[in-house]
Amino acid sequence: MVTSSALLKNLFVCPEESNFYSQCLESLVLSQCSQGECILEFGSGDGKPVINSLLKTEFNGVIYGFELNQLAYKVARDNILEYALTDKYIIRNISFFDFAKPTTKYLISNPPYLPALDNNIYQPLLHGGSDGSLISRRLLSLDYENVLLLVSSYSNPESLINYAITKNYHVSNFLVSPLKFGYYSSEPKVKNTIEEMQKKSQAFYSSNIYLLAGVLFTKSHKAKVDLSTELIQIMTSL
Ligand SMILES: C[S@@+](CC[C@H](N)C(=O)[O-])C[C@H]1O[C@@H](n2cnc3c(N)ncnc32)[C@H](O)[C@@H]1O
């Protein structure tokens, strides 16, 4: 019998965030894709966000997911089987970075973005480096044409968006949602880092909420608009 606290420590569980990722995937990516598009996903978790989106949209391509956590991978594999989506959602239990090649037009992820000095936290695979933006930067450095990322207002958002600009990305669209601090972001080691970052204008939040944005970064020669100034204003507003 797996207790809920053991589950939280071994598998990413945050329905509000996963549902928001799913909503961003539907409206920022799946609704724009051409027929038979192939999409790569970093960090599938239990697979539910992509499964929910696939069940709600007419997307007829394939999503290839990568999940390093073995338990999450097994749960995702079972969920995909249960919903008979094995031809549309194919996942592998290896690190995305052992595979990544920019052969597809879309990379999607709700990436690890918890800031902390090291990865000795409840779930090491949710660690996003010392300011929370490390994995997102790595994903933006791989040269995919379109990258959908969830970006947190407490993980050095301005610097991350400016980094994307140096990699020739425009912010072509975004959605923003308020979120409450949860199990992972309230861990003292993470919360202390976020507090220190706030003093350096690298983390933006109130006592009640932080902001989470689903951001579609598109290579500048393909983007119709650049909303990076507006996004920075919103993400640094708390
Ligand atoms: C914030 S969770 C998101 C999970 C799921 N996409 C969701 O939104 O519910 C990030 C996921 O990335 C996975 N992960 C971390 N490093 C990884 C890597 N190098 N390759 C593949 N997955 C990785 C973690 O195990 C975790 O499940």
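So, C24, is that one more than 17 Å from L139 (Cα to Cα) and assigned to a loop (DSSP other than H, G, I, E, B) or not?
Spelling it out, it is not the case that C24 is more than 17 Å from L139 (Cα to Cα) and assigned to a loop (DSSP other than H, G, I, E, B).
Only residues that are of a type in the set (D, E) and farther than 22 Å from L149 by Cα: list them for region 59-81, please.
Keep residues of region 59-81 that are of a type in the set (D, E), which gives 67, 78.
Answer for region 59-81, where residues must be of a type in the set (D, E) and farther than 22 Å from L149 by Cα: just D78.
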Legend entry - Every residue from region 137-147 that is away from the ligand (no atom under 11 Å from the Cβ) and at negative phi: R137, L140, S141, L142, Y144, E145, N146, V147
Legend entry - Residue list for region 14-37, filter: under 23 Å from F97 (Cα atoms) and either at pLDDT below 95 or of a type in the set (S, T, N, Q) (or both): S18, S22, E37
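So that you can scan it fast, the table gives a plain yes or no per residue for (1) under 19 Å from the mean Cα position of the chain (by Cα); (2) closer than 14 Å to L28 by Cβ; (3) assigned to a loop (DSSP other than H, G, I, E, B):
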site: E158; (1), (2), (3): yes, no, no
site: N162; (1), (2), (3): yes, no, no
site: P178; (1), (2), (3): yes, no, no
site: I194; (1), (2), (3): yes, no, no
site: V225; (1), (2), (3): no, yes, yes
site: T229; (1), (2), (3): no, no, no
Legend entry - Counted residues, region 42-70 - those being within 23 Å of T218 (Cβ to Cβ), surrounded by 19 or more Cβ atoms within 10 Å (Cβ to Cβ) and more than 7 Å from the ligand (Cβ to nearest atom): 6
Inset, instruction - May I ask you to say which residue of Q202, Q198 is modelled with pLDDT of 95 or more, over 20 Å from the mean Cα position of the chain (by Cα) and not small (G, A, S)? - result: Q198
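Of the residues I91, I121, I80, only one is within 14 Å of the ligand (Cβ to nearest atom), farther than 18 Å from F174 by Cα and in a strand (DSSP E or B); which?
So the residue among I91, I121, I80 that is within 14 Å of the ligand (Cβ to nearest atom), farther than 18 Å from F174 by Cα and in a strand (DSSP E or B) is I91.
The values are calculated or read from the model by the stated rules, or taken from the named source; none is laboratory data. Since we're looking at a predicted model, the values are computed, not measured. Neighbour counts run over all protein chains shown; Cβ positions are idealised from the backbone, glycine included.
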